[in-house]
Structure formats: structure tokens, C-alpha cells
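Each value in this text was obtained by applying a stated rule to the coordinates, not by laboratory testing. Quick caveat, the model's predicted, so the values are computed rather than measured. Positions of Cβ are generated from backbone atoms using ideal geometry, with glycine treated the same way; all protein chains shown enter the neighbour counts.
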Ligand SMILES: Cc1ncc(COP(=O)(O)O)c(C=O)c1O
């Protein structure tokens, strides 16, 4: 029996290799930051979600060390038994205030937050309307729920409205979307989504993992940027990207929803919460960016400049303002060659092809960070230009 399973997996692994879909992991021999050592080579990193450059920030390292003395290392328990310290409550309160929501519950990842949301609050009489490009954790979370499911085309408000109009007779209806679609850097149309949710009497859930900390006037995320603060019923997000980059996630929303999640959400009830060192340091990351807009401002102005320089060099990039900058190559093999040759030039970026993105829409995805210096950005442009010319991607 074991042999037949391992044989079958081994065949599938071979097939991933031959299709060019096998993912190998580079080993970083340095902390996560703009200049890293990867597989023995010094390169500039343009593929982390380290948007605000906090993943190796000296103040946060200092706070993390303090936290070990204050709270110890591990919790060795789930929250409702003996796994809640004052720092977990403080972080939940800080997120609630920062996001302008009613209450917040922590999870050990945003994947867990999404996986533990839908089946807990919805049942067979309810319906979920989900954007087709939503993150895997939303897709899995929705699958776990007994609610009816309707998938609408990415950011297509007409398609969503058709589905809402045709399916009005469910008890509770929930629209769910990523705040930012991570393969394209496109931002969800929250103003329109709020209008639709009000028109059809739905709830709206937004996963703001790629926005919390830097989009909007004070970095609250897509809801602030779209001018709909206070109008989103449920927000989920990660502490593993802009807010320090360690790990952890949360769900924020109406207090009844959050209280109910504490009682019934399985990844919360049956899994350890964040290590206190992460809870404390994430709290300090939030305080840091609340007191100091410079991280977010640097990120956004570097993004604007880099996007416009790429365009002047003749690159085909997807429109937008997000620090996720996809350079379209279309051909999967060419995209892979592009990223490999960029690495030789000291630039670490990743190529994406089918099935992660649609067929013939292969690309490399660049992610800007506030940790990048002007020199890093200049070096990246030079490398991109040199390799792209060599490969006939630009003239
Ligand atoms: C939109 C979105 N949601 C959720 C997650 C998962 O976050 P975490 O790493 O906290 O599980 C990610 C990370 O890739 C994401 O991009």
C-alpha cells in the first residue's frame, strides 16, 4: 500500500519537473531584508512581502528580545485553556483601534483566520459570493462551509450584481474579496462592493493581507484608501507581511461575530496562538507605523517612481499603484529564463506561470519595499533592462 502511494507521488513529482512547475526553495543565509545572501550569492531581494522593511528592523529586534524576558518563549496551550496573555489582548485591541473595527481575534496565520471564518458563521441557508481570484485560504475556507457558493469574475461588479440579483432568497449573504489581488497588484473595488452589499442586504468580507500597514492615508488598508472605513463587516489580514513579517493573522469585525468565532472557530480553538514574542513585536510594529508615516510614504513614492521608470524603458507592466509590480512576459519559458538571468545579475525576482496565473499570462513579479535604497532600485532597473534586451522582451 505504502509503495503504491509513494510510486504515485513520485510520478506526479516527475511530471511537475517535466512541466517546469516544480517549486524549489532557495536557502537564505541572511535575515530577510533588501540585500540578502541566497544560495551563497549576494542579491537584491525584490520578492518578499516585506513592504515596510520591518522584517529585520533594529527597533523590532530589540523589542523581540525584550518580549522574551517579559513573556517567556512559548504558550504551550490554546487560547481558551491557558494560552492567553495580556499581550495577546493588547495586540487585539491595537488592531481593532488601528483598523477602526469593533473587535479583533488573533489566529496563528491569516490562512487560519480565513479557514476558520465561513463555516463558523454561515450554514446551509446562507450564500457566499466570492471573487474568482481570491486567495487559496478564502477558497478553502469557503469550501469548508455548508453555505451555497457563487464565484464572480475578478473585480467584475456586473457579474457579481447578476449573481446577487438571481440569488436573493438566502438567509445571510456574504460577499468576500481580497483587498489586493496578489498576482496582479489590482485593488478590489471596495466602494462599488459596499454599494452592492447595501443594495442587496449582504455582508462584506475583505482580506487585506497585501494592504494593511501601507495603503490609505494612514496605512489602514484598502478600506481607508477607498473611503469606506467602518463599512466593511469583516476584515482579515496577516502580521506576516508589512506588519513585521513574522507570522500571525487576525479577523476584525462586529463584536458578535468575533465573540462567536472565539467560541466556535476551529483553527482558534484547536491550535496554539501566536508566540508572545510575535504578539509583542507585532504590537510594536503597529505603534511604529502609527507614529511614523515615513515607511509607508517611502514605499509608495518608490513604487510610483519605479513603475514609471519601467514604463519609460518599454516594459509591459500591469497598471496600478501597488508595490506589487507585475512585468508581463506572457511566455512561461521566457519568464522563467528572465528571472534566472536576473538572478545572475544580482536581482532576486520570481516568475509566475500557469496555473498560478492564466495560460499565456506569464510574468515576473517585483515587490518594492521601503527597505530598498535608491541604489537598489537603480541596480534593479539596470539589470532588468540589460536582461530584457538580451531576451528581446524590450527593444
Ligand atoms: C490575500 C492573502 N490572504 C492570506 C494569506 C496568508 O497569510 P498567512 O501567511 O498569514 O497565512 C496570504 C499570503 O500569501 C495572502 O496573500
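Listed values, structure above:
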quantity: Fewest-first sequence of 350, 329 by Cβ atoms within 10 Å of each Cβ; calculated: 350, 329
quantity: Overall form of the stretch 124-190 per C-alpha gyration tensor (a/c, 1.5; a/b vs b/c); calculated: oblate
quantity: The chain - share of DSSP beta bridges that are antiparallel (%, nearest 5); calculated: 60
quantity: Percent RCO, i.e. relative contact order, over the stretch 170-258, from Cα pairs under 8 Å lying at least 6 residues apart; calculated: 24
quantity: Helix-only mean residue ellipticity at 222 nm for the chain, each DSSP H run of n ≥ 4 adding -39500 (n - 2.57), per residue, nearest 500; calculated: -13000 deg cm²/dmol
quantity: Label point distance in nm, residue 153-residue 272, each placed 7 Å from Cα along Cα→Cβ; calculated: 4.7
quantity: The stretch 58-291: relative contact order as a whole-number percent, Cα under 8 Å and 6+ apart; calculated: 30
quantity: Estimated inter-spin distance, residue 359 and residue 259, nm [label 7 Å along Cα→Cβ]; calculated: 5.2
quantity: Residue order, fewest to most beta carbons within 10 Å, for 351, 123, 209, 252; calculated: 123, 351, 252, 209
quantity: D (Stokes-Einstein, µm²/s), Kirkwood Cα radius, the stretch 170-266, 0.890 mPa s at 25 °C; calculated: 176
quantity: Residue order, fewest to most surrounding Cβ atoms within 10 angstrom, among 205, 300, 183; calculated: 183, 300, 205
quantity: Contour minus Cα-Cα distance for residue 7 and residue 123 (0.36 nm per residue); calculated: 37.8 nm
quantity: Extension gain (nm, one decimal) between residue 77 and residue 333, 0.36 nm per residue minus Cα-Cα; calculated: 87.4 nm
quantity: Protection proxy ranking, peptides 29-38, 242-251, 91-100, average beta carbon neighbours within 10 Å, highest first; calculated: 242-251, 91-100, 29-38
quantity: Residue 382-residue 25 FRET efficiency (beta carbon distance; Förster radius 30 Å; 0.05 resolution); calculated: 0.65
quantity: Share antiparallel - DSSP beta bridges, the stretch 58-291, percent rounded to 5; calculated: 40
quantity: Relative contact order (percent, whole number), the chain, Cα cutoff 8 Å, 6+ residue spacing; calculated: 21
quantity: Gyration tensor verdict on the stretch 58-291 (Cα atoms; rounded if a/c is under 1.5, prolate if a/b is larger than b/c, oblate otherwise); calculated: prolate
quantity: Shape category assigned to the chain from the gyration tensor of Cα positions, a/c cut at 1.5; calculated: rounded
quantity: Fluctuation leader among 239, 215, 122 - the chain, Gaussian network, Cα springs under 10 angstrom; calculated: 122
